[in-house]
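Participant: My questions will all concern the structure given below.
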Amino acid sequence: MRLHRLRSLQEFENHREQNAEEIATHIKEIESLVPAHPREFRVPGYSYTAEQKVDFLVDFQHSGASGRVNWRERVCCPKTGFNNRMRATFHVFDIEMEAYKDSRIYITEQITPIYSYFASRYSQVFGSEYLADEVPYGTLNAHGVRNETLCALSFADQSFDILVSLDVLEHIPDYRTAFSECARVLKPGGRMMWSVPFVSSINNNIIRARMSENGVEHLLPPEYHGDPLSKNGVLCFTHFGWEMLDQVRAAGFTDAYAICFQSLAFGYLGGEQFLFVARK
């Protein structure tokens, strides 16, 4: 698997031009895997988390109105149960984040398989969920879940070596303050890895909704994402473009870049995928 580290829209466009044949080949390969009629099927590959060859399960769950395979949320390992994006997250984390067994790691989730995976591998992993006013920030509820908001973390300055936030920042209207808080709680040289809805073809972020004195103001039709704490889902405020990386640097990081990748061998299918890394 090749990783491309890109820091701007121009670098991404150059990458697409230079690797056009490889990208087109990948798309043709995955299109050839899909059966003519929607049904469950399997794709052979190597599961990074299971450390063995497997037949990944692919189906049409989470396909929505398109009726097309949701590659990001499927391609599930039969041994670990982790889907495409989860396995890719762990794989890229090991390549990019320079973590040690005793690194202090904060993950902006706690009741998920992703948190459990990290907690089983590292000795100092801290997680949280956004519980609003259920309990004060920085404290635990009756189930032992810590309440935090990324706009005002309760942790002291320079508390962590690594911070991981997956599909969270798009739900925060004031995401710039959240970026600054992430930088504040990281030690010098610390790293942040995150994922968000990302439109690789544009520079400027798309603001779908914002907060006003009257509450939420919708600029585009409301979009709700899955929420482990609520069956009602959670509102998406932003789809990000390449300017996000400049905003992260302005928030206190010395470098920020996109990791762009795809791999038939590892089951990272559906076209190019993105994770993001910043260094304080």
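The values are calculated or read from the model by the stated rules, or taken from the named source; none is laboratory data. Model, not experiment: these values are computed from the prediction. Neighbour counts are summed over all protein chains in view; Cβ atoms, including those assigned to glycine, are modelled from backbone coordinates with ideal geometry. What goes into the accessible areas is simple: the full protein's heavy atoms, side chains included, and nothing from ligands, DNA or RNA. Shrake-Rupley method; radii C 1.70, N 1.55, O 1.52, S 1.80 Å.
Participant: Could you check how much of the accessible area of the chain is carbon and sulfur, as a whole percent, using a 1.4 Å probe?
Facilitator: Details: 6640 of 13600 Å².
Of the solvent-accessible surface of the chain, carbon and sulfur hold 49 percent.
Participant: Could you run the Karplus curve 6.51 cos²θ - 1.76 cosθ + 1.60 with θ = phi - 60° over the range 139-146 and give me ³J(HN,Hα) per residue in whole Hz, x for Gly and Pro?
Facilitator: 10, 9, 7, 5, 9, x, 8, 7
Participant: Scan the range 7-44 for trypsin sites (Lys or Arg not before Pro) in coil per DSSP, keeping those whose Cβ has at most 13 other Cβ atoms within 10 Å, and list them by number.
Facilitator: When the trypsin sites (Lys or Arg not before Pro) of the range 7-44 are filtered for loop state and at most 13 Cβ neighbours within 10 Å, ARG39 remain.
Participant: Using bins 10 angstrom wide from zero, how does P(r) for the chain break down, in % of all Cα pairs?
Facilitator: 6, 26, 36, 25, 6, 0
Participant: Taking the solvent-accessible surface of protein heavy atoms with a 1.4 Å probe, what is the per residue accessible area of the chain in Å²?
Facilitator: I get 49 Å² per residue for this part.
Participant: May I ask you to order 126-137, 201-212 by the average number of other C-beta atoms within 10 Å around their residues, highest value first?
Facilitator: 126-137, 201-212
Participant: Under the rule a/c < 1.5 gives rounded, and otherwise a/b versus b/c splits prolate from oblate, where does the range 142-272 land using the Cα gyration tensor? Walk me through the intermediate numbers first.
Facilitator: Details: a/c = 1.27, a/b = 1.01, b/c = 1.25.
Rounded.
Participant: Dipole of the range 57-115, Cα-centred, from +1 at each Lys and Arg C-beta and -1 at each Asp and Glu C-beta, to the nearest 20 debye?
Facilitator: That gives a dipole near 220 debye.
Participant: Now, a different point. Compute the long axis of helix 9-18 from its Cα atoms, compare it with the longest principal axis of the Cα atoms of the chain, and write down the angle in degrees, 0 to 90, nearest 10.
Facilitator: Rounded to the nearest ten degrees, it is 20.
Participant: Can you give the angle from 0 to 90° between the axis of helix 84-96 and the longest principal axis of the chain, with both taken from C-alpha atoms, to the nearest 10?
Facilitator: With both axes taken from Cα atoms, the answer is about 70 degrees.
Participant: Next question. Which loop chymotrypsin sites (Phe, Trp or Tyr not before Pro) in the range 162-197, with loop taken from DSSP, have no more than 14 other Cβ atoms within 10 angstrom of their Cβ?
Facilitator: Passing sites in the range 162-197 do not exist.
Participant: While we're here: For the range 193-265, which GluC sites (Glu not before Pro) are in a loop by DSSP, counting at most 11 other Cβ atoms within 10 Å?
Facilitator: The qualifying sites are GLU213.
Participant: Take the alpha carbon gyration tensor of the range 209-263, find the square roots of its eigenvalues, order them as a ≥ b ≥ c, and report rounded if a/c is under 1.5; if not, report prolate when a/b exceeds b/c, else oblate.
Facilitator: Details: a/c = 2.37, a/b = 1.46, b/c = 1.62.
It is oblate, given that a/c is not under 1.5 and a/b is not larger than b/c.
Participant: Count the lysine pairs in the chain whose Cα atoms sit under 23 Å apart, keeping only pairs 8 or more residues apart in sequence or on different chains.
Facilitator: The number of close lysine pairs in the chain is 5.
Participant: State, as an integer percentage, the relative contact order of the chain based on alpha-carbon contacts under 8 Å between residues 6 or more apart.
Facilitator: Answer for the chain is 21 percent.
Participant: Can you show me the helix-derived [θ] at 222 nm for the chain, built from DSSP H runs with n ≥ 4 at -39,500 (n - 2.57) apiece and divided by the number of residues, rounded to the nearest 500.
Facilitator: -7000 deg cm²/dmol
Participant: Using a ≥ b ≥ c from the Cα gyration tensor of the range 1-60 (square roots of the eigenvalues), is it rounded, prolate or oblate, where a/c under 1.5 gives rounded and otherwise the larger of a/b and b/c decides, a/b for prolate?
Facilitator: Note, shape of the range 1-60 comes out oblate.
Participant: While we're looking at this one, here's another question. Below 8 Å, C-alpha to C-alpha, sequence gap of six or more: please give me the relative contact order for the range 235-280 in percent.
Facilitator: Values: 47 pairs, mean separation 16.9, N = 46.
About 37 percent, as a whole number.
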